[in-house]
1. Along the Cα→Cβ direction, 7 angstrom out, place labels at LYS94 and GLN43. What is the inter-label distance in nm?
2. Over region 65-128, what is the relative contact order in percent, taking alpha-carbon pairs closer than 8 angstrom and at least six residues apart?
3. To the nearest 10 degrees, how steeply does helix 29-39 sit against the main Cα axis of the chain, on a 0 to 90 scale?
4. Could you point to the label whose value was computed as volume of the Cα convex hull per residue in Å³ for the structure here, given (1) 122; (2) 148; (3) 110?
5. Over the chain, with a Gaussian network built from C-alpha contacts below 10 Å, which listed residue (THR85, THR67, THR21) shows the highest mean-square fluctuation?
6. Hey, what's the chain come to in accessible area per residue, 1.4 Å probe, Å²?
Amino acid sequence: MSITVNGLDELKKLAGSDLGTSEWTEVTQERIDTFADATGDHQWIHVDPEKAAAGPFGAPIAHGYLTLSLFIPLFTGLLDVQGVTTKVNYGLNKVRFPSPVKVGSRIRLVGKLADVEEVPGGVQITVDGTIEIEGGAKPAAVLQSLSRFYA
């Protein structure tokens, strides 16, 4: 369930809050292939199901950066900031990929609004995120994301 805030003052009040857990999203071979086409990364472990089945993970796996790129749609299921003019990704402080995401797996985001700090014209938020794999012992990604919201 998404938390909705209206404006920067309400957003500031959420600093330190758990944002909850997103809905599950399936990582399909089609999504992996589309990402490979967009990035030019056609390594067999991602796009050749037959060869990948005989590889180290027993199936094709998502690109790490595909998993990372899914942070934004997963995050929008956690926090909806209204009453602002602009929302931008500002960067990342940390990213790790502890476990590969096999094709057909479902992932979700667990998020915490670690910090909200003022910047000229708006605020910058720091989100601690863990992208979990359904049934997995380790997460697919652990990250700290920075975003800016302008009034």
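1. Roughly 2.3 nm, to one decimal.
2. Once divided by the residue count of region 65-128, the mean separation gives 26 percent.
3. Taking Cα atoms only, the helix is inclined about 70 degrees.
4. (3)
5. THR85
6. 53 Å²
The values are calculated or read from the model by the stated rules, or taken from the named source; none is laboratory data. Everything numeric here is computed off the predicted structure, so don't read it as measured data. Neighbour counts run over all protein chains shown; Cβ positions are idealised from the backbone, glycine included. Surface areas here come from the heavy atoms of the whole protein model, side chains and all, with no ligands, DNA or RNA. Shrake-Rupley method; radii C 1.70, N 1.55, O 1.52, S 1.80 Å.
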